[in-house]
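The values are calculated or read from the model by the stated rules, or taken from the named source; none is laboratory data. The structure displayed is predicted, hence computed values, not measured ones. Every residue, glycine among them, receives a Cβ derived from its backbone with ideal geometry; neighbour counts consider all protein chains shown. Heads up: the accessible areas ignore ligands, DNA and RNA and are worked out on the full protein's heavy atoms, side chains in. Shrake-Rupley method; radii C 1.70, N 1.55, O 1.52, S 1.80 Å.
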Amino acid sequence: MEVNRLKTMVGSMDGMGPAEALHAVAELQREVGRTEAALVRRARQAGLSWEAVAACLGVSKQAVHKKYGKQ
């Protein structure tokens, strides 16, 4: 599952220097974006409404639909 990969990435940051940690954070942000998109697709395929997805993400229905509505 995607969440386990994210946990592994965060755990691997221990002991890194500042520059290396910043590179890791940038990769983590990209991975979080990919994971969020995959989970939104899965939620929609499972029948969740845009309103329900938005509530889970803590954003408006319009924001989540604008970001993911064309997938």
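A single member of Ala54, Ala63 is touching a Leu at 6+ places or on another chain (Cβ under 9 Å) and of a type outside the set (Val, Ile, Thr), and it is Ala63. Candidates are the residues of the stretch 4-30 that are open to solvent by 60 Å² or more (accessible area, probe 1.4 Å) and among the hydrophobic types (A, V, I, L, M, F, W, C); the one that is farthest from Arg42 (Cα to Cα) is Ala19.
Cβ-Cβ contacts under 7 Å between residues 6 or more apart (or on different chains), taken from a first residue in the stretch 14-26 that is at negative phi to a second residue that is at pLDDT 90 or above and of a type in the set (Asp, Glu), are absent. Filtering the stretch 49-71 to residues that are open to solvent by 50 Å² or more (accessible area, probe 1.4 Å) and within 13 Å of the chain's Cα centre (by Cα) leaves Cys56, Leu57, Gly58, Lys67.
A residue that is more than 13 Å from the chain's Cα centre (by Cα), at pLDDT below 90 and assigned to a loop (DSSP other than H, G, I, E, B) cannot be found anywhere in the stretch 31-48.
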